[in-house]
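Read through the structure below, which is laid out as structure tokens, and then see the notes.
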């Protein structure tokens, strides 16, 4: 049976010891005698189900403490301990959504156990609901990515290169959301409204002419507008709208979380464009270094450090269509007779991509008898 974590915060260490004795057999009890220590405990215990905190504490009262807790671990049930004369404080805290429940001190062990039991049931429902929503959300993103891949492979591949760099960089940034990879990919969605040749040229490493460049510059604002229609994407859209700013210009933006995400999107997007132009990770980073003022220096250092890692060695093998299997990587761009990119190199074959290859081969039998794939050497 799972032992749920319960954090209890009270400046009276004797009371804490009593809670530990009476509740320790049923729950994983964490104790703190001040809000600062409690917040440090939360940093390494994001799965705390319930937090019980006294209202009257030095340096920070219970309302202020729970206001921070709500931002850091919003699913956790927050219970405020108040004295007999603090009902107005408790009601005010509930009205302002600082807390979910309150208890009057002193509370009997039986009362404490009952309210913790009720709180854990609410916590379980919150977490289960969030997991279901997340699965639906991730499924929607996956479907959207597949649609972009099938309808505009050039955008997909540029977005994929950028988002993979975000995935490489993000663990070292400790950004609170941890969704940089998805955010970077979705920031390209406005590109589907542009002429296909624009991202086709970018993927091919060809310079855009003046008119095409002006059109290309519009896609972030289009992305921001499109993403604003989905509540979960509003933040990503807002961050995308700022990627035209260089580092110094972005400092003036007050929302630090949004602007940091914007800097991540910008540096990863530029990396993808330079990588396509020079077909070299090392060369891309070298060229970005020449305009270093544009980027967040800490971000660039992380990107530079990880971009220097040696790429795995592969060999190209030509195989018949009947031998193509899911998981293989396409080694050469596939274009139709009009020069439009059908499948980009480095595309990983799945059931949808395999079907696309077969359909293309059906109407282009002379062009697609064999496919070149990458085999790890």
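Key figures
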| quantity | calculated |
| --- | --- |
| Helices (runs of 4 or more DSSP H) wholly inside segment 1-88 that include at least 1 residues being under 14 Å from residue 100 (Cα atoms) and out of contact with any strand residue (DSSP E or B) (no Cβ under 8 Å at 6 or more places or on another chain) | 62-72 |
| Meets criteria (modelled with pLDDT under 85, loosely packed, with under 15 Cβ neighbours inside 10 Å and farther than 17 Å from residue 11 by Cα) for residue 88 | yes |
| Given (1) exposed (fewer than 15 other Cβ atoms within 10 Å of the Cβ); (2) without any contact (Cβ under 8 Å) to a residue 60 or more places away in the chain, index of the condition residue 237 fails | (1) |
| All positions within segment 202-220 that are touching a helix residue (DSSP H, G or I) at 6+ places or on another chain (Cβ under 7 Å) and either part of a helix (DSSP H, G or I) or surrounded by fewer than 15 Cβ atoms within 10 Å (Cβ to Cβ) (or both) | 202, 203, 205, 212, 215, 216, 219, 220 |
| Matching residues in segment 203-219 - criterion: being modelled with pLDDT of 90 or more and either under 13 Å from residue 273 (Cβ atoms) or in the same structural domain as residue 342 (by TED's automatic domain parsing) (or both) | 208, 213, 216, 217, 219 |
| Residue in segment 158-180 that is nearest to residue 203 (Cα to Cα), counting only those that are at pLDDT 85 or above and surrounded by 18 or more Cβ atoms within 10 Å (Cβ to Cβ) | 158 |
| Condition check for residue 222: in contact (Cβ under 8 Å) with a residue 24 or more places away in the chain and under 25 Å from residue 292 (Cβ atoms) | no |
| Test: residue in segment 354-368 that is surrounded by 11 or more Cβ atoms within 10 Å (Cβ to Cβ) and at pLDDT below 75 | yes |
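Residue-wise test of (1) modelled with pLDDT under 75; (2) surrounded by fewer than 16 Cβ atoms within 10 Å (Cβ to Cβ).
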{"residue": "94", "(1), (2)": "yes, yes"}
{"residue": "98", "(1), (2)": "yes, no"}
{"residue": "101", "(1), (2)": "no, no"}
{"residue": "113", "(1), (2)": "no, yes"}
{"residue": "134", "(1), (2)": "yes, yes"}
{"residue": "143", "(1), (2)": "no, yes"}
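Here's the yes/no breakdown for (1) in contact (Cβ under 8 Å) with a residue 24 or more places away in the chain; (2) touching a helix residue (DSSP H, G or I) at 6+ places or on another chain (Cβ under 7 Å); (3) over 23 Å from residue 346 (Cα atoms):
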site	(1), (2), (3)
249	no, no, yes
257	yes, no, yes
275	yes, yes, no
293	yes, yes, yes
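The values are calculated or read from the model by the stated rules, or taken from the named source; none is laboratory data. Values in this document were obtained by computation on a predicted structure and should not be read as measured data. So basically every Cβ, Gly included, is an ideal-geometry build from the backbone, and we count neighbours across all protein chains shown.
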